[in-house]
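Scroll down for the structure; my scribbles are underneath it.
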């Protein structure tokens with residue numbers, strides 16, 4: 001019986017249940033172990049005020065290192081690019097929609113404006129990446145930090161604390177939430193660039209746990225991994241964590257070519273880059289050169 005470490009939010013539990021069902025599909029039994037993280041416990045501060053990196057992962061990784069659990073399932077975008085000594089990402093999932101969605105209260109809709117929001121709209125996000133890109137497109141909007149899980153954020157929007165909020169499309173669709181009382185604007189990931197590895201789950205294990213690693217390799221999506229490796233390498237080379245205003249998205253076309261997009265605020269200026277290549281090798285370094 002494998003023990004799966006997970007956070008207790010609805011989305012984290014969806015991810016853990018998905019993992020259980022994937023394992024069951026190859027005949028492996030598992031159970032969930034719920035672990036509270038710093039990101040769950042500290043709800044009143046923005047990410048830029050929290051210490052260090054890995055707000056949603058460190059306590060789970062500690063449990064993995066102690067051997068309290070056999071594997072951890074994470075939103076890959078929450079994982080720091082430098083893992084703790086002894087831990088590895090053994091497998092990655094399919095990729096859900098990587099886009100960011102802008103969820104707008106009907107009262108704040110103005111279809112004549114970019115992103116269909118009224119002038120001076122109050123937009124909720126705690127991600128520096130989203131803040132920097134939004135201000136680049138819409139310098140008139142007001143930014144306001146927002147914390148809490150996805151349902152909590154939607155309640156804050158409903159109650160009028162904000163005119164609009166950002167949510168990752170993958171999280172909304174996985175939770176099956178009803179957004180019919182809002183206007184949903186799907187942002188093109190090539191233009192409004194998502195977080196590295198957005199929409200992908202990562203399965204993390206102890207480096208030396210060969211038995212668990214062999215099991216998880218049967219769930220691994222190598223074609224997705226090739227793209228997330230590019231995205232996370234850009235993040236690593238930029239020495240970034242959650243606070244860096246960086247978006248990176250890489251996709252592979254039917255012919256096997258890679259197309260990568262990046263957006264980053266450098267010295268107060270929004271820079272954008274695009275690279276296409278027949279191989280993923282060197283794509284991250286090319287994006288960095290163009291951003292600088």
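Quick notes on this structure:
- Yes/no for residue 193 being within 16 Å of the chain's Cα centre (by Cα) and in a helix (DSSP H, G or I): no
- Check on residue 164, modelled with pLDDT of 95 or more and outside the structural domain of residue 92 (by TED's automatic domain parsing): yes
- Of everything in the stretch 136-153 that is touching a strand residue (DSSP E or B) at 6+ places or on another chain (Cβ under 7 Å) and assigned to a helix (DSSP H, G or I), the residue that is nearest to residue 7 (Cα to Cα) is 150.
- Filter result (assigned to a strand (DSSP E or B) and free of Cβ contacts under 8 Å to residues at least 40 places away in the same chain) within the stretch 203-250: 250
- Scanning the stretch 93-113 for residues that are over 16 Å from residue 194 (Cα atoms) and either within 13 Å of the chain's Cα centre (by Cα) or assigned to a strand (DSSP E or B) (or both) gives 93, 94, 104, 105, 109.
- For the stretch 84-92, the condition of being in a loop (DSSP other than H, G, I, E, B), more than 27 Å from residue 230 (Cα to Cα) and modelled with pLDDT under 95 holds for none of the residues.
- Flag if residue 138 is touching a helix residue (DSSP H, G or I) at 6+ places or on another chain (Cβ under 7 Å) and either within 21 Å of residue 266 (Cβ to Cβ) or assigned by TED's automatic domain parsing to the domain that holds residue 269 (or both): yes
- Residue 148 falls short on exactly one of the conditions (1) free of Cβ contacts under 8 Å to residues at least 60 places away in the same chain; (2) within 17 Å of the chain's Cα centre (by Cα), and that condition is (1).
- Checked against the criterion of being assigned to a loop (DSSP other than H, G, I, E, B), at pLDDT below 75 and surrounded by 14 or more Cβ atoms within 10 Å (Cβ to Cβ), the candidates 54, 39 yield just one match: 54.
- Positions within the stretch 57-77 being under 19 Å from the mean Cα position of the chain (by Cα) and either modelled with pLDDT under 80 or assigned to a loop (DSSP other than H, G, I, E, B) (or both), in sequence order: 57
- Listed conditions (1) farther than 26 Å from residue 61 by Cβ; (2) in a loop (DSSP other than H, G, I, E, B); (3) at pLDDT 95 or above; (4) touching a strand residue (DSSP E or B) at 6+ places or on another chain (Cβ under 9 Å) are all met by residue 179, apart from (3).
- Given (1) touching a helix residue (DSSP H, G or I) at 6+ places or on another chain (Cβ under 7 Å); (2) more than 21 Å from residue 96 (Cβ to Cβ), index of the condition residue 219 fails: (2)
- Scan of the stretch 89-124 for residues that are exposed (fewer than 15 other Cβ atoms within 10 Å of the Cβ) and in contact with a strand residue (DSSP E or B) (Cβ under 7 Å, 6 or more places away or on another chain), ordered by number: 106, 110, 120
The values are calculated or read from the model by the stated rules, or taken from the named source; none is laboratory data. Since we're looking at a predicted model, the values are computed, not measured. All Cβ positions, glycine included, derive from the backbone under ideal geometry; neighbour counts span all protein chains shown.
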